[in-house]
């Protein structure tokens with residue numbers, strides 16, 4: 001079956017190695033790579049490299065190609081737009097696709113209030129513009145962010161991101177007026193009540209009129225796919241309302257069907273004043289959005305928002321194709337079934353293997369954390385060894401987490417069930433093999 005892994009050379013193979021050597025002579029070393037293979041083409045479930053190896057895709061370009069890396073709806077709509085024109089700049093002359101994307105997001109983003117949507121190009125741009133809009137609306141400078149958060153690589157979003165290396169190392173000084181508060185991380189014993197009380201204390205310490213925005217991922221991405229303790233997001237909503245702070249929900253990685261709901265915040269019944277989308281929004285064609293309360297969105301002056309490529313016509317058509325996929329009958333039901341399959345295969349590892357500390361997530365946004373069973377000291381070495389074993393066997397997985405000790409699963413939401421099953425089998429075998437070898441070494 002074309003959806004199953006097929007490894008015919010070492011990975012990376014000779015042709016990928018040759019191209020990677022050329023890359024090193026052309027591209028700065030600051031661009032890292034999870035697996036140095038060059039892709040020739042893709043299916044709904046797999047990536048085929050230039051050596052003919054077929055890899056099951058459990059990464060989706062870090063949740064970008066959620067409807068597959070070669071989706072025919074996306075291809076057809078983008079191709080049709082290419083025949084018309086590639087770009088005009090929406091701030092110079094307008095085009096309908098921009099409006100249609102904004103209308104869909106206004107209708108589907110959580111929140112029973114009048115909305116407006118601004119389109120941009122990258123997730124970091126969406127975060128930056130949300131902060132700009134919140135500052136314009138409130139007249140305040142400060143930004144509250146949650147521990148272990150990831151929000152981007154620009155100066156402001158680096159400042160908002162918690163993980164220092166590799167995102168912030170040697171790149172300072174960073175932006176002022178960013179204050180970090182605790183997350184409600186269940187595995188680490190940080191419940192909602194504790195985290196919310198600390199956030200209230202921080203606001204009291206600085207003064208409520210210091211903060212324009214409180215920015216939170218409903219499920220953390222790079223921070224380790226941490227699902228906050230129940231009540232945390234609702235508590236943030238109450239705190240924001242009480243102090244006149246704009247609640248910004250960063251759904252850049254978790255949104256648009258990834259968790260089995262259109263938006264992860266729906267599980268907690270919470271609507272942000274502003275909600276951010278990117279990644280899956282364009283299925284690989286760069287586009288991002290800030291959607292929120294009309295009065296807040298309209299607070300920025302004319303000319304204050306924009307960008308040359310913001311809401312590019314090709315990207316808008318890609319987004320409209322993504323919306324068509326999301327509205328297909330049974331689409332989100334299928335994502336929720338994926339979670340059931342993943343839990344059935346991986347939960348026994350948490351029960352049987354001490355270093356497998358946690359299985360968490362929602363929908364097709366799942367993760368396994370490796371840590372010492374007694375102290376919960378992170379074990380990034382195990383995560384990396386498991387990832388390497390999966391890569392060699394033809395399954396593309398990614399690590400994440402502040403300490404690099406988490407393997408995250410981000411399969412395409414349209415993955416073939418046989419490919420999902422085969423990939424999980426390889427992952428389970430890799431985890432059992434690596435943890436068994438580690439136990440033997442510790443006992444020696």
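The values are calculated or read from the model by the stated rules, or taken from the named source; none is laboratory data. Computed from a predicted structure; not experimentally measured. Using ideal geometry, Cβ is built from the backbone for each residue, glycine included, and neighbour counts are taken over all protein chains shown.
The table for this structure:
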{"quantity": "Extreme residue, surrounded by the most Cβ atoms within 10 Å (Cβ to Cβ), among residues of region 232-242 that are in contact with a helix residue (DSSP H, G or I) (Cβ under 9 Å, 6 or more places away or on another chain) and under 18 Å from residue 130 (Cα atoms)", "calculated": "236"}
{"quantity": "Meets criteria (assigned by TED's automatic domain parsing to the domain that holds residue 284, in contact (Cβ under 8 Å) with a residue 40 or more places away in the chain and outside any strand (DSSP E or B)) for residue 78", "calculated": "yes"}
{"quantity": "Long-range neighbours under 6 Å by Cβ, at least six apart or interchain, first residue at positive phi within region 38-56, second outside any strand (DSSP E or B) and modelled with pLDDT of 95 or more", "calculated": "52/8"}
{"quantity": "Search result, residues across region 371-390 that are buried (at least 20 other Cβ atoms within 10 Å of the Cβ) and within 26 Å of residue 413 (Cβ to Cβ)", "calculated": "383, 386, 387, 390"}
{"quantity": "Residue tally, condition under 14 Å from residue 185 (Cβ atoms) and touching a strand residue (DSSP E or B) at 6+ places or on another chain (Cβ under 8 Å), over region 229-249", "calculated": "1"}
{"quantity": "Unmet criterion (only one of (1) more than 21 Å from the chain's Cα centre (by Cα); (2) at pLDDT below 95; (3) loosely packed, with under 14 Cβ neighbours inside 10 Å) for residue 72", "calculated": "(2)"}
{"quantity": "Residues that are surrounded by fewer than 21 Cβ atoms within 10 Å (Cβ to Cβ), part of a loop (DSSP other than H, G, I, E, B) and either under 17 Å from the mean Cα position of the chain (by Cα) or not assigned by TED's automatic domain parsing to the domain that holds residue 422 (or both), drawn from region 334-369", "calculated": "none"}
{"quantity": "Which listed residue, of 254, 265, is in a helix (DSSP H, G or I), within 24 Å of residue 406 (Cα to Cα) and under 15 Å from the mean Cα position of the chain (by Cα)", "calculated": "265"}
{"quantity": "Test for residue 390: is it over 21 Å from residue 57 (Cβ atoms), touching a helix residue (DSSP H, G or I) at 6+ places or on another chain (Cβ under 7 Å) and not in a strand (DSSP E or B)", "calculated": "no"}
{"quantity": "Residue among 272, 255, 260 that alone is within 21 Å of residue 195 (Cα to Cα) and touching a helix residue (DSSP H, G or I) at 6+ places or on another chain (Cβ under 9 Å)", "calculated": "272"}
